[in-house]
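Each remark here refers to the structure printed beneath this line.
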Amino acid sequence: MNSLRNALCGAAAVLILLATCSGGAFAAERKIINVGEVVQEVMVKDLDGKDTDILKQDKDNLLLVFFNTSCTLCMEELLFLEKMVMEKKEGKVSIAAIGIDIGGPAMIKKFVENRKYPFPVYSNQTFSVGLSFGLAYTPASVVLRKDGTVVSVIGGYGEDGKKSVSALFQ
């Protein structure tokens with residue numbers, strides 16, 4: 001029992017260190033983008049490793065969904081979003097799923113090969129985009145208006161998050 005506790009504490013310390021250092025030497029000076037503020041771009045990598053600004057889209061809102069392929073709750077959220085898109089077809093939201101796996105675009109590309117998500121999937125290996133919104137874990141989501149205004153930041157996946165996302169499809 002003690003060794004399990006020590007292992008979990010060690011893993012938590014490593015994750016905190018990675019989150020803090022992922023932005024380089026000036027990570028502590030990173031400005032957090034808050035609800036109501038406007039972002040000019042959201043740069044991630046497509047699955048071929050090319051930089052892409054995903055803010056440019058045609059719907060009223062953009063839902064950024066941060067996931068990790070080893071996260072069970074993340075997989076549940078992606079399935080929920082897939083179901084919402086397939087059932088509703090229309091809505092006021094575009095979805096961009098953003099994988100933060102350490103393997104980068106190649107790992108995310110391999111992950112989605114056998115899955116046919118009805119929304120684009122991108123990579124943000126260092127989680128820098130999520131960190132810029134004050135997020136520190138997955139699953140997590142951010143809703144942006146078409147003009148880049150941050151509407152909401154949703155940490156975790158649960159009933160409140162489902163209600164918020166479902167409302168975007170009305």
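Could you figure out which of (1) touching a residue at least 24 places away in the same chain (Cβ under 8 Å); (2) touching a strand residue (DSSP E or B) at 6+ places or on another chain (Cβ under 9 Å); (3) surrounded by 12 or more Cβ atoms within 10 Å (Cβ to Cβ) isn't true of residue 75?
For residue 75, the failing item is (1).
Assess whether residue 84 counts as being of a type in the set (A, V, I, L, M), more than 13 Å from the chain's Cα centre (by Cα) and open to solvent by less than 20 Å² (accessible area, probe 1.4 Å).
Working: of a type in the set (A, V, I, L, M): yes; more than 13 Å from the chain's Cα centre (by Cα): yes; open to solvent by less than 20 Å² (accessible area, probe 1.4 Å): yes.
Criteria met by residue 84.
Report, ordered by the first and then the second residue, all pairs with beta carbons closer than 6 Å, sequence separation of six or more or different chains, a first member in region 131-154 that is modelled with pLDDT under 95 and surrounded by 23 or more Cβ atoms within 10 Å (Cβ to Cβ), and a second member that is of a type in the set (Ser, Thr, Tyr) and in a loop (DSSP other than H, G, I, E, B).
Pairs that qualify, where the first residue is modelled with pLDDT under 95 and surrounded by 23 or more Cβ atoms within 10 Å (Cβ to Cβ) and the partner is of a type in the set (Ser, Thr, Tyr) and in a loop (DSSP other than H, G, I, E, B), are 139/157.
Select from region 92-112 the residues that are in a loop (DSSP other than H, G, I, E, B) and at pLDDT below 90 and write down the one among them that is surrounded by the most Cβ atoms within 10 Å (Cβ to Cβ). Please lay out each step first, then the result.
Taking region 92-112 as the starting set, the residues that turn out to be in a loop (DSSP other than H, G, I, E, B) are 92, 100-103.
Of the ones still in play, those that are also at pLDDT below 90 are 92, 101-103.
Numbers: 92: 13, 101: 21, 102: 10, 103: 14.
The selected residue is 101.
Looking only at residues in region 10-56 that are assigned to a helix (DSSP H, G or I), under 18 Å from residue 155 (Cα atoms) and open to solvent by 50 Å² or more (accessible area, probe 1.4 Å), which one is modelled with the highest pLDDT?
So in region 10-56, the residues assigned to a helix (DSSP H, G or I) come out as 10-21, 27-29.
Now narrow it down to the ones that are under 18 Å from residue 155 (Cα atoms): 12, 15-16, 19-20.
Okay, now just the ones that are also open to solvent by 50 Å² or more (accessible area, probe 1.4 Å), so 15-16, 20.
Values: 15: 48, 16: 44, 20: 44.
The residue in question is 15.
Report, by residue number, each residue of region 159-170 that is part of a loop (DSSP other than H, G, I, E, B) and open to solvent by 30 Å² or more (accessible area, probe 1.4 Å). Break it down into steps so the answer makes sense when it comes.
Filtering region 159-170 for residues part of a loop (DSSP other than H, G, I, E, B) gives 169-170.
Within region 159-170, 170 is the sole residue that qualifies.
The values are calculated or read from the model by the stated rules, or taken from the named source; none is laboratory data. The model shown is predicted, which means the values in this text are computed figures rather than measured ones. With ideal geometry, Cβ positions are generated from the backbone for all residues, glycine too; neighbour counts draw on all protein chains shown. When the accessible area is computed, the model is the full protein with side chains, heavy atoms only, and any ligands, DNA or RNA have been set aside. Shrake-Rupley method; radii C 1.70, N 1.55, O 1.52, S 1.80 Å.
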